[in-house]
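Structure, as structure tokens:
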Amino acid sequence: MFMLELLTLSPIIKGLILLVIAGISFPVTGVYLLRLNLLPLRFMLMHGAILGGAVALSFSWSPFITTIVVNLLLVLLMTNASRSLKIDTGYISMFFMVISISLAFILVYKFNVQAKDTLSLLWGSLYTSTWGEVAAVVVFSFLLITFQLVYYRKLQAFFFDREIAYTSGVNERFLYYTIVLLTAMTVAMAMKIIGALLLDALLLLPALIATFHAKSLRGVLIWSSLWGGILAIGGFFIALLIDIPASSAIAALASVVFVVIYIIKRK
């Protein structure tokens, strides 16, 4: 009865919608990160999201929009620098990670941003989302899934071997930039939902779990979305039931599922 009463509240409904949509769509970018070995990129984007939040709090801007813009700018700078200087993206992302967090703390100090507001960047603020932010996540998730469906065959070739894909007529530069930009936006939106510290619970763990039993790229993509949705919904209701943050419940549930399936796979 108590849980049914909670589900009548607007912040709870918005949080549930956000988690369902994000849980189904966001793990797709987790698959991209794993396939292209771009794991260092997510650290840069997490720090970029913190910088975006610090900028927003310092100048009273929208944290949601500012974080997305800052991450997109960082991605463009990183990819251009990596290609022009011929330096691995992992190395160049480390540089931008350091400079991002440095600028973030400078802004927090200079503009006297409250500690509780700074911590919200790390823990997320699921239940303070507006309907506009919910709509933005829904539209972005639709575009992400559409991109995957339209370019599925080209992405198969791209993930198999980028040079072979290029010689076969695949615009690998376009695919790479699009994947990185989609990842940047995913991280920025996920930061709003579950925060920086538990980001991987929504992006990477569903993709990793899917790799344990899926045999193809299509299978990994489908199963990562299914697991993401299951973990998001399950974590949400566990959080309501025992009164803990939804992000922590999702991360704990995802970790348990990961360990159980890993043990079953080993046996």
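Miscellaneous remarks
- For first residues located in region 28-55 and within 23 Å of W223 (Cα to Cα), partners that are basic (K, R) and lie 6+ apart or on another chain with Cβ distances below 8 Å form the pairs L33/R42.
- Residue match in region 93-100 (condition: more than 20 Å from L77 (Cβ to Cβ) and either in contact (Cβ under 8 Å) with a residue 24 or more places away in the chain or open to solvent by 20 Å² or more (accessible area, probe 1.4 Å) (or both)): no
- Note on region 59-88: residues that are surrounded by fewer than 21 Cβ atoms within 10 Å (Cβ to Cβ) and in a helix (DSSP H, G or I) total 14.
- Residue ID - nearest to I12 (Cα to Cα), chosen from residues in region 214-267 that are among the basic types (K, R) and free of Cβ contacts under 8 Å to residues at least 24 places away in the same chain: K215
- Test: residue in region 10-29 that is at pLDDT below 85, in a helix (DSSP H, G or I) and aliphatic (A, V, I, L, M): no
- Counting only helices (runs of 4 or more DSSP H) that fall entirely inside region 148-267 and contain at least 3 residues that are at pLDDT 85 or above, among the polar types (S, T, N, Q) and closer than 28 Å to A54 by Cβ, the qualifying elements are 172-194.
- Of all the criteria given as (1) in a helix (DSSP H, G or I); (2) open to solvent by 10 Å² or more (accessible area, probe 1.4 Å), the one not satisfied by N37 is (1).
- When the residues of region 229-257 are filtered to those that are farther than 17 Å from I24 by Cα and hydroxyl-bearing (S, T, Y), the one that is least open to solvent (accessible area, probe 1.4 Å) is S248.
- Set A104, A135: member being out of contact with any strand residue (DSSP E or B) (no Cβ under 7 Å at 6 or more places or on another chain), surrounded by fewer than 14 Cβ atoms within 10 Å (Cβ to Cβ) and in a helix (DSSP H, G or I): A135
- L45 being assigned to a helix (DSSP H, G or I), buried (at least 24 other Cβ atoms within 10 Å of the Cβ), within 11 Å of the chain's Cα centre (by Cα) and of a type outside the set (V, I, T): yes
The values are calculated or read from the model by the stated rules, or taken from the named source; none is laboratory data. The shown structure was predicted, so the numbers you read here are calculated from the model rather than taken from an experiment. Every residue, glycine among them, receives a Cβ derived from its backbone with ideal geometry; neighbour counts consider all protein chains shown. Only protein heavy atoms, including side chains, enter the accessible area calculation; ligands, DNA and RNA are left aside. Shrake-Rupley method; radii C 1.70, N 1.55, O 1.52, S 1.80 Å.
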